[in-house]
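S.K.: My questions will all concern the structure given below.
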Amino acid sequence: MNSPLLAACLLLASPALAGDWLVDADKAAREAVIPGAAQPEAPKKAWIPFVPASRLFSGEIPVQGWWPMEEETATGSVFRLLGGDSQSGAVRTVLSVRFYDKDTPGFMPIKQAVDLMRRENKEISRSISPVRPVRVGLGLARTFEITETRRMPSDDGPSFEEELHHYVAVIPVGEAYYLVRLVSSRATYLEYRDDFVRFMKSLRTLSR
């Protein structure tokens, strides 16, 4: 049997590996081709290593389309990547990182924190996906998505409803954990999924 044919047989015989849920979904979307349509190009965004002033983490951020900022709050440093506005102009896409440990005011264990974030809110129309594990650089993240409708204020007129989408990842580091969240309009959330996944997988902890 010649070498190319042998290699093909080995590939066909090898067991399929289960990938991360976001990566699998992204791969399926990229491989879906409409007859007569051109194959979509792979993203070509440039990324750079980044460490915020607080040394909250190390990771990679995109060079274009996002603006990093950091602030101190009552519960510690919060890092944010600011993206574009929604079509209405009322919602700005934001990717945020927080770190929680026993020294954080109001600290709660990771399971309790996840349950609280997933709790129903009778005042807000929302749906929540099941919790799924995703392998990232820091270990095994607990991820889920939230879709909710909020009434947004308007500076030049009455308020209106806007549908929002949250990608949420809670990443344990011992008894502490990182909370990584991407919030955008529901209409544009798929445009930011690749950035969220890459950032989450590049995240590393530093000595604090």
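S.K.: Kindly indicate whether Glu72 is surrounded by 13 or more Cβ atoms within 10 Å (Cβ to Cβ) and over 18 Å from Ser184 (Cβ atoms).
M.R.: In short, no.
S.K.: Based on what the data block shows, is Arg80 surrounded by 11 or more Cβ atoms within 10 Å (Cβ to Cβ) and either under 17 Å from the mean Cα position of the chain (by Cα) or acidic (Asp, Glu) (or both)?
M.R.: Spelling it out, Arg80 is indeed surrounded by 11 or more Cβ atoms within 10 Å (Cβ to Cβ) and either under 17 Å from the mean Cα position of the chain (by Cα) or acidic (Asp, Glu) (or both).
S.K.: Within the bounds of the stretch 181-195, is there any residue that is within 15 Å of Leu138 (Cα to Cα), touching a residue at least 24 places away in the same chain (Cβ under 8 Å) and buried (at least 21 other Cβ atoms within 10 Å of the Cβ)?
M.R.: The answer is no, given that none of the residues of the stretch 181-195 is within 15 Å of Leu138 (Cα to Cα), touching a residue at least 24 places away in the same chain (Cβ under 8 Å) and buried (at least 21 other Cβ atoms within 10 Å of the Cβ).
S.K.: Which pairs turn up if I take residues in the stretch 53-75 that are over 15 Å from Leu203 (Cα atoms) and look for partners that are surrounded by 15 or more Cβ atoms within 10 Å (Cβ to Cβ) and modelled with pLDDT under 90 with beta carbon separation below 6 Å, at least 6 apart in sequence or on another chain?
M.R.: Trp66/Gly83
S.K.: Another one. Every residue in the stretch 167-206 that is modelled with pLDDT under 90, more than 12 Å from the chain's Cα centre (by Cα) and within 21 Å of Ile48 (Cα to Cα), please.
M.R.: Across the stretch 167-206, the qualifying residue is only Leu206.
S.K.: Which numbered condition in (1) in contact with an Asp or Glu (Cβ under 9 Å, 6 or more places away or on another chain); (2) surrounded by 13 or more Cβ atoms within 10 Å (Cβ to Cβ) is the only one that Ala53 fails?
M.R.: Evaluating Ala53 over (1) in contact with an Asp or Glu (Cβ under 9 Å, 6 or more places away or on another chain); (2) surrounded by 13 or more Cβ atoms within 10 Å (Cβ to Cβ) leaves (2) as the failure.
S.K.: Only one residue in Ala53, Ala38, Ala28 is in a loop (DSSP other than H, G, I, E, B) and at pLDDT below 90. Which one?
M.R.: Ala38
S.K.: Then there's this: Return the residues of the stretch 118-157 that are modelled with pLDDT of 90 or more, in a strand (DSSP E or B), farther than 19 Å from Arg198 by Cβ and of a type in the set (A, V, I, L, M); say none if nothing qualifies.
M.R.: Ile128, Ile146
The values are calculated or read from the model by the stated rules, or taken from the named source; none is laboratory data. What you are looking at is a predicted structure, and each value in this text was computed from that prediction instead of being measured. Quick reminder, even Gly has a Cβ in these numbers, built from the backbone with ideal geometry, and neighbours come from all protein chains shown.
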